[in-house]
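Scroll down for the structure; my scribbles are underneath it.
Where a number appears in this text, it was derived from the coordinates with a stated rule and is not lab data. If you're wondering where the values come from, they're calculated on a predicted model, not measured in any experiment. We place every Cβ from the backbone using ideal geometry, glycine too, and count neighbours over all the protein chains shown.
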Amino acid sequence: MFNSSGIVNQILGPLAPSPAWLVNRFWAMPSIAFYVTWKQLGFFILLFLAALQNVPKELHEAAAMDGASSWQSYRAVTLPAVRPATTLVVLLAIITGANLFTEPYLLTGGGGPDGASTTPVFLLYQQGIQQGKPAIASAIGVLLVIGVLIITYASRKLTERE
C-alpha cells in the first residue's frame, strides 16, 4: 500500500513522496501512525456504537420536552452517556501508542531510516536483546511504565470530569 508502486502513490501521482513512505525519514512514523489508527479504528467504533446504543431514548425525549435543541441534547445527554467509552478509548489508544513494537519492526525493518520509526519498546528490544544491555532495557521499561501511568492519569482526569 505504501511502497513506491502502491495504491497510495498511484492515487497521489507526482505528489507522492520520494523515496517511498516507509523509507522516507519524514513520512515513516506518520505512515505507521496512520496504519495503527486504521487498525484500531473498527474496535473503537464498536465501543462507541455500544455506548451510543445504551443511551436511554427517554432522556432525549425529556430533553426535547424541556425545550432543548438537538445540540443541547447532544451536549447534556449523549456526551455524558458516552464518557466512560471515551475514557476507555483514550486509555487504550495511549497504551497502544506506547507499546508500539510490531508495526515499526515489520514495516520499516526495525527503526526505519536513521531510526525515524524507533519507539520506546523497540529501543528497549534493541538495548536488551540485540545489544545485551539488560540494565538499560530495564530502565527504559520502568520509564515507559511511569510515563504511561502519568499520561493515563492526566487523561483520565480530563475525560472523567463530572
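Taking only complete DSSP H runs, can you tell me which helices of the chain stretch 24 Å or more along their own long axis by Cα positions and average at least 0.5 on the Kyte-Doolittle scale? Helices meeting the span and hydropathy rule in the chain are 28-53, 79-98, 134-159.
Distance between the 7 Å Cα→Cβ label points at Ile45 and Ile136: 4.3 nm. Loop-resident chymotrypsin sites (Phe, Trp or Tyr not before Pro) (DSSP state other than H, G, I, E or B) in the stretch 90-155 with no more than 15 further Cβ atoms inside 10 Å of their Cβ: Phe101. With only the Cα atoms considered, the stretch 29-159 has a convex hull volume of 115 Å³ per residue. With Cα atoms defining each centre, the stretch 112-162 and the stretch 33-95 are spaced 29 Å apart in the structure.
Hey, in the GNM for the chain with a 10 angstrom Cα cutoff, which one of Ala33, Ala85, Ala50 fluctuates hardest? Result for the chain, Cα springs under 10 Å: Ala50 fluctuates most.
Compared with the alpha-carbon gap, the fully stretched path from Ser18 to Asn99 is longer by 26.3 nm at 0.36 nm per residue. When the Cα positions of Ala135, Thr86, Leu59 are compared along the charge dipole of the chain, Ala135 comes out farthest toward the positive end, with charges on each C-beta of Lys, Arg, Asp and Glu.
Here the simple spin-label model places points 7 Å from the Cα toward Cβ, and for Lys57 and Glu160 these points are separated by 3.2 nm.
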